[in-house]
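Worksheet for the structure shown next.
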Amino acid sequence: MEVLRSTGAMRARSQELAAAGRRLALVPTMGALHQGHLALVDAARAQADCVALSIFVNPAQFEDAADLAAYPRCESADLAACRARGVDIAWLPPAAELYPEGAQTWVEVRELQTPLCGRSRPGHFRGVATVVAKLLLAARPQIACFGQKDYQQLALVRRMVRDLHMGVSIIGVPTVREASGLALSSRNALLAKCARPQALSLSRALGAAERACARGEHGREALLHIARGPIAAAGAALDYAELRCPESLAPAPPVLCAPTLLALAAFFPAAAPAQRVRLIDNRILTPAPSARAGRED
Ligand code: PAF
């Protein structure tokens with residue numbers, strides 16, 4: 001595995017691959033790699049000749065300095081995981097190259113960046129869109145892979161790539177879960193031990209709403225009420241529970257009549273004293289055909 005530590009080296013490698021007619025896939029990450037990231041590597045491998053994984057803890061997407069400082073960093077374990085999974089290039093660009101002195105260009109995906117996580121994390125998605133644009137423009141991959149767990153991020157990256165004609169295929173990779181149902185996240189490492197059972201309430205909430213939808217409950221408020229139940233019962237602090245259109249992220253109608261995103265975020269106790277960990281999860285709810293037929297009549 002090559003380890004590249006500059007954007008110039010990454011670009012030169014990408015140009016060589018393109019000249020040789022080989023397809024490059026990029027997996028952008030902030031490190032602290034887990035099986036969810038490695039599933040992105042596998043998805044990239046299935047579609048490309050060469051897989052590059054970037055590791056960059058992007059300061060511009062953290063609105064809180066304490067959150068940035070607490071973000072787990074473990075470069076040697078990450079590089080070992082990349083090697084073991086067959087990553088071809090680990091790319092660790094320096095902050096001074098991605099945000100050079102005097103940088104003043106930002107990417108905003110106006111409507112997709114504001115709801116859901118954008119409300120409690122103002123500026124977060126501007127930081128995400130900007131760094132993803134920089135990574136894609138420097139590495140020039142044909143393909144880039146993102147997890148469906150960060151659904152809003154995936155929707156926003158897809159929109160940005162279309163709007164800016166970046167010519168990269170964006171692959172959304174299904175969420176990887178522990179056997180318990182907990183979605184894998186680098187932030188799980190920050191949870192207090194006693195908060196793990198509480199954190200399971202997110203996947204329980206998704207499951208409860210999905211079952212209710214499959215039984216014929218298609219009312220927006222009723223489904224949200226069902227989803228909030230397990231989170232409240234676990235004593236966690238809900239940030240949001242929302243039903244939205246999977247592409248535009250516009251609010252869902254009062255009665256679901258098409259596949260709809262159920263997105264959840266909640267705060268759980270952190271191992272560090274007096275801190276909280278915010279976790280997110282989501283699922284697409286698909287109303288039974290009879291309800292959709294009912295609407296078309
Ligand atoms: O999902 C992440 O890890 C980050 O938001 C990303 C896409 C690597 C941008 O910093």
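Going by what's in this entry, would Val87 be described as assigned to a loop (DSSP other than H, G, I, E, B), crowded, with 16+ Cβ neighbours inside 10 Å and within 16 Å of the ligand (Cβ to nearest atom)? Give the derivation first.
Details: assigned to a loop (DSSP other than H, G, I, E, B): yes; crowded, with 16+ Cβ neighbours inside 10 Å: yes; within 16 Å of the ligand (Cβ to nearest atom): yes.
Yes, satisfied.
On the basis of being within 11 Å of the ligand (Cβ to nearest atom) and either closer than 19 Å to Phe56 by Cα or surrounded by fewer than 23 Cβ atoms within 10 Å (Cβ to Cβ) (or both), does Leu92 make the cut?
Working: within 11 Å of the ligand (Cβ to nearest atom): no; either closer than 19 Å to Phe56 by Cα or surrounded by fewer than 23 Cβ atoms within 10 Å (Cβ to Cβ) (or both): yes.
For Leu92, the condition - within 11 Å of the ligand (Cβ to nearest atom) and either closer than 19 Å to Phe56 by Cα or surrounded by fewer than 23 Cβ atoms within 10 Å (Cβ to Cβ) (or both) - is not met.
Could you say whether any residue in region 92-106 is in contact (Cβ under 8 Å) with a residue 12 or more places away in the chain, in contact with an Asp or Glu (Cβ under 8 Å, 6 or more places away or on another chain) and not in a helix (DSSP H, G or I)?
The initial filter retains those residues of region 92-106 that are in contact (Cβ under 8 Å) with a residue 12 or more places away in the chain, namely 92-95, 97-99, 105-106.
Filter once more, so that each one left must be in contact with an Asp or Glu (Cβ under 8 Å, 6 or more places away or on another chain): 92.
Applying the additional criterion that residues be not in a helix (DSSP H, G or I) yields 92.
Yes, the conditions are met somewhere in region 92-106.
Residues that are out of contact with any Asp or Glu (no Cβ under 9 Å at 6 or more places or on another chain) and within 12 Å of the ligand (Cβ to nearest atom), at least 2 per element: which strands (runs of 3 or more DSSP E) completely within region 1-73 meet that? First the steps, then the outcome.
Working: elements: 2-4, 24-29, 50-55.
Strands (runs of 3 or more DSSP E) meeting the threshold: 24-29.
Picking from Glu111, Glu97, which residue would you name as being more than 13 Å from the ligand (Cβ to nearest atom) and within 27 Å of Leu285 (Cβ to Cβ)? First the steps, then the outcome.
Details: Glu97 fails: within 27 Å of Leu285 (Cβ to Cβ).
Selected residue: Glu111, the only one of Glu111, Glu97 that is more than 13 Å from the ligand (Cβ to nearest atom) and within 27 Å of Leu285 (Cβ to Cβ).
Arg283 - would you say it is modelled with pLDDT of 95 or more and part of a helix (DSSP H, G or I)? Outline the logic, then answer.
Details: modelled with pLDDT of 95 or more: yes; part of a helix (DSSP H, G or I): no.
The answer is no for Arg283.
For region 10-46, give me the residue count where each residue is under 19 Å from Leu137 (Cα atoms) and in contact (Cβ under 8 Å) with a residue 60 or more places away in the chain.
Keep residues of region 10-46 that are under 19 Å from Leu137 (Cα atoms), which gives 10-19, 21-30, 44.
Those still in the list that are in contact (Cβ under 8 Å) with a residue 60 or more places away in the chain too: 10-11, 13-15, 18, 23-28, 30, 44.
Number satisfying all stated conditions: 14.
Does region 41-52 include one or more residues that are at pLDDT below 95 and under 16 Å from the mean Cα position of the chain (by Cα)?
Applying the first criterion (at pLDDT below 95) to region 41-52 yields none.
Among the residues of region 41-52, not one is at pLDDT below 95 and under 16 Å from the mean Cα position of the chain (by Cα), which makes the answer no.
If a residue counts only when it is within 16 Å of the ligand (Cβ to nearest atom), which helices (runs of 4 or more DSSP H) contained entirely in region 127-235 have at least 3 such residues? Write out each step before concluding.
On the way: elements: 151-163, 196-199, 201-214, 220-233.
The helices (runs of 4 or more DSSP H) meeting that bar are 151-163.
The values are calculated or read from the model by the stated rules, or taken from the named source; none is laboratory data. Remember, it's a predicted structure, so these values are computed and weren't measured experimentally. Heads up, the Cβs are rebuilt from the backbone with ideal geometry, glycines too, and the neighbour counts pull from every protein chain shown.
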